[in-house]
Structures are given as structure tokens and as C-alpha cells.
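The values are calculated or read from the model by the stated rules, or taken from the named source; none is laboratory data. Since the model is a prediction, treat every value here as computed from it, not as a measurement. Glycine gets a Cβ as well: all are built from the backbone with ideal geometry, and neighbour counts include every protein chain shown. Ligands, DNA and RNA are excluded from the accessible area calculation, which covers all protein heavy atoms including side chains. Shrake-Rupley method; radii C 1.70, N 1.55, O 1.52, S 1.80 Å.
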Amino acid sequence: MERHFELNDTTFAHQFANRTLNPELFSHEAHLRLAWIHIKNEGIDTAIDNICNQLVAFVEAVGASDKYNKTLTIAAIRAVYHFMLKSESTNFESFITEFPRLKYHFKELLGFHYAIDIYNYPLAKQEYLEPDLLPFD
């Protein structure tokens, strides 16, 4: 189990928003959890705005601004939302167990949506690029 589960959803989201979350806890799965929490509490559109703003502030605070990728961030949120619409889960832990593909095959999953390499494409880091193969919804 990843260490971010040591914190409940409220504490995890609060620490992230306030940039007090230990950066070692912010794994790929933790990023997906943050999306799940925000979507559940605020809806998809507000989740996208809040997470993008909070993530920019978080990576700046920890000196990792070069790691921020707007397309990847929004694509991850939209992917989580897509699976939430199909989910029976009432918490993130069971959600990620229900859809392990999000955790273990995320890059492959995005490959169904993007022909370009959004991980390394400079424009994808700065602005959101819509999928060019398959939309998320």
C-alpha cells in the first residue's frame, strides 16, 4: 500500500492544496486519488481548475516546475472521471482496485487517446491538448 493512504481524503487534499504534503507521497496513484477526491466533491470542471492551479503551486513549492504537464494533468483527471462514471466504488482504494489499468497501464491507456507523445511534447506541458484519437467522454 502506498503511503498517501496514511492520510484520510480530507487531510490528503488539504495538505496538497496548502503545499504541506510530503512530496514523497505524491506518486502517480496519489495524483489519481487527488483527481478522484476533487471530482467526487466538486465535479469535473471545478476539479480540473482546482487541480491544475494547486499542482502548479505544489511543483513550484518543491522546486519541480519543469515536471508540470498541463495536458497530462487534465488527461489524468478526465480518465479518472471516465472510470468514475462506470464505478460502484465509494472510496478511492476500492476504485483503484476496480480499475487497476489507471495505475498500472496509464501510459498505454493514454496511447488510445493521443497519437503524439504528450509526455515529451513541449506544447503539451504548457497548454491542454485535446485527444487527437479518441475523446475521453
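Run the helix sum for the chain: -39,500 (n - 2.57) per DSSP H stretch of 4+ residues, divided by residue count, reported at 222 nm to the nearest 500 deg cm²/dmol.
So the calculated ellipticity at 222 nm is -17000 deg cm²/dmol.
For region 68-137, with all protein chains present and a 1.4 Å probe, just round the carbon and sulfur fraction of the accessible area to a whole percent.
Carbon plus sulfur share of accessible area: 54 percent.
If I take R0 = 35 Å and measure r between the Cβ atoms of E130 and T90 in this structure, what FRET efficiency does the formula 1/(1 + (r/R0)^6) give, to the nearest 0.05?
That pair, E130 with T90, gives E of 0.65.
Between T20 and E98, what length comes free when the chain is fully extended (0.36 nm per residue of separation minus the Cα-Cα distance, one decimal in nm)?
Using 0.36 nm per residue and subtracting the Cα-Cα distance, I get 25.1 nm.
Just the accessible area per residue of the chain, please: how many Å² with a 1.4 Å probe?
55
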